[in-house]
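Here the structure is laid out as structure tokens; the discussion comes afterwards.
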Amino acid sequence: MTISNRDNDLWCRFACKITKSTKQRQHSSLQNYVSLTLFSILLAVATSQMVSCQSVSASKILMDNGLSMDNVTSSLTSSTNNLSENEDHGMGLFPKIHPHMSGEKGIFVNGYLVETANGVVAIDSALTASESKALKAELDSINKPLLAVLLTHPHPDHVAGVTYLVSPNTSSSSTPMHIPIISLQSVEKIMNATEEAKRSQWTPIFKEEWISKWTYPNQNVKDEEAVTFDGMTYRVHDLGPGGDSDANSIWILENEPNVAFVGDLVFNGHHPYIADDHILDWLRNLERARDLLANITTIYPGHGESGSIELIDSQERYLFTYIDVLRELSGDNSTLTEEAKAELTQRMEEFLPGGGLSFLIAQSADSVAAELAAAAANG
Ligand SMILES: [Zn+2]
């Protein structure tokens, strides 16, 4: 489908229409194209050149891939609710969710401890030895047995610290306890395929902070399978490629208060890693997640504060903006010049002021440019 000048005019003219409806997702491509939400308008004002009527080429690629911005709801700022650990949802003492939010050296990754009356379930872990020991110390301070570890995806910042979690003490050389470590088979497979290369790549940089021996899943689950520990049922949803990894899953707690652990489908307040050649799949997965998480009270992301369903919208806006700016700067080429990467970084920092991990903006640029160029060529 070719976007004519007339369609482009329509985009501009209809930019003042405020529309938001789930049913709109079913509308025609042209309607999707012109039906901008309040957010789109605010975004256009706030970021001036970022989302402009010149970005037809980028929008066409998105449309050709079944994606559009019309589902993005209104609000410029990412939403967090910062619920206190003890006051979650007013649903009583359990489950009590303890987030472990790593600092900058641990690339702001989140591991979670879900405490119930008789034990704890961990979801993901931490990257560095220091943060993993801190997470283990938090687990020990709860003084209840670790019942299971659930993994969302195979990146080191989420899986490396499992070695400490399942250790009888904080020494990683101890014989691990027999704890169910549960993931999709695809997650385990990528851990196996990448551990050695990651160790070689990162040990010289992280030195003793790099966890030299990972502990692997000992139980696989399939899409929509559930596991139950201490009366709490966790159901996994296999998202495949398109989070920040080639294998992504989210875990939904089906008991009240119906929360979800979404791994790196969402970076809240931080710049995401987008260099795995799946930014378009990521946008599709956000659409899917919007339905899966419709009744969720709180989303616990892989990086950043927890929040409402608005976190899905915020992540979607970030990726759309990144695509628009990158397309403008790349001139449809599959790589960016160093100057263009610097400008991309500057503009995304303006879009997300104070966001952590800003080095990832430039690092992901060529991968995203190549993916979009290939999508345009195939479209
Ligand atoms: Zn991560």
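No value in this document is a laboratory result; all are computed from the given coordinates. The shown structure was predicted, so the numbers you read here are calculated from the model rather than taken from an experiment. A quick note on method: Cβ atoms are made from the backbone with ideal geometry, for glycine too, and the neighbour counts reach across all protein chains shown.
Tabulate in residue order the Karplus-calculated ³J(HN,Hα) for region 146-157, using 6.51 cos²θ - 1.76 cosθ + 1.60 with θ = phi - 60°, rounded to whole Hz; enter x for Gly and Pro.
6, 8, 5, 10, 10, 10, 8, 6, x, 6, x, 5
Please compute the modelled spin-label separation between Ala342 and Met177, points set 7 Å along Cα→Cβ, answer in nm with one decimal.
It is 5.3 nm.
What nm distance separates the two modelled labels at Lys222 and Ala193, each placed 7 Å from Cα along Cα→Cβ?
In this crude label model, Lys222 to Ala193 measures out at 2.1 nm.
Sort Arg327, Arg235 so that the residue with the fewest other Cβ atoms within 10 Å of its own Cβ comes first and the one with the most comes last.
Fewest to most other Cβ atoms nearby, the residues stand as Arg235, Arg327.
Sequence gap at least 6, Cα distance under 8 Å: using those rules, report the relative contact order of region 278-379 to the nearest whole percent.
In percent, rounded to a whole number, it is 26.
Can you compute the FRET efficiency between Ala374 and Asn118 using 1/(1 + (r/R0)^6), with r the Cβ-Cβ distance and R0 = 30 Å? Round to the nearest 0.05.
After rounding to 0.05, the efficiency reads 0.05.
Which one, Gln315, Phe206, Ile181, projects farthest toward the positive side of the charge dipole computed for region 181-327 from Cβ point charges (K/R +1, D/E -1)?
The Cα lying farthest towards the positive end belongs to Phe206.
Using the number of other C-beta atoms within 10 angstrom as an exposure proxy, rank Ser183, Ser212, Ser200 with the fewest first.
Ascending Cβ contact count within 10 Å gives the list Ser200, Ser212, Ser183.
Going by amide H atoms built from the backbone, whose H comes under 5 Å of the H on Leu239, apart from near neighbours?
The list, which skips near neighbours in sequence, is Asn248, Ser249, Ile250.
Can you flag which of Lys213/Lys341; Lys96/Lys207; Lys136/Lys198; Lys136/Lys341; Lys96/Lys133 are past 31 Å Cα-Cα?
The pairs that break the limit, which is 31 Å between Cα atoms, are Lys213/Lys341; Lys96/Lys207; Lys136/Lys341.
As a footprinting exposure proxy, order Asp366, Asp157 by other Cβ within 10 Å, with the fewest listed first.
Ordered from fewest to most neighbouring Cβ atoms within 10 Å, Asp366, Asp157 come out as Asp366, Asp157.
Can you work out the Karplus-derived ³J(HN,Hα) for every residue in region 297-302? Use 6.51 cos²θ - 1.76 cosθ + 1.60 with θ = phi - 60°, whole Hz, and x for glycine or proline.
So the Karplus estimates, Gly and Pro as x, are 7, 9, 9, 9, x, x Hz.
Taking amide H atoms as placed 1.01 Å from N in the peptide plane, list the residues 5 or more away in sequence, or in a different chain, whose amide H sits under 5 Å from that of Ala160.
Distant-sequence amide H within range of Ala160: Ala126.
What residues have an amide H closer than 5 Å to that of Ile181, excluding those fewer than 5 places away on the same chain, when H is modeled at 1.01 Å from N in the peptide plane?
Val149, Asn218, Gln219
Describe numerically, in nm with one decimal, the distance between label points set 7 Å from Cα along Cα→Cβ at Thr335 and at Ile142.
Placing both labels 7 Å beyond Cα along the Cβ direction yields 4.8 nm.
Would you kindly derive the ³J(HN,Hα) couplings of region 98-113 from the backbone phi angles with the Karplus curve 6.51 cos²θ - 1.76 cosθ + 1.60 (θ = phi - 60°), listing them in order in whole Hz, with x for Gly and Pro?
The phi angles translate into 9, x, 10, 9, 5, x, 4, 5, x, 6, 6, 6, 10, x, 10, 10 Hz.
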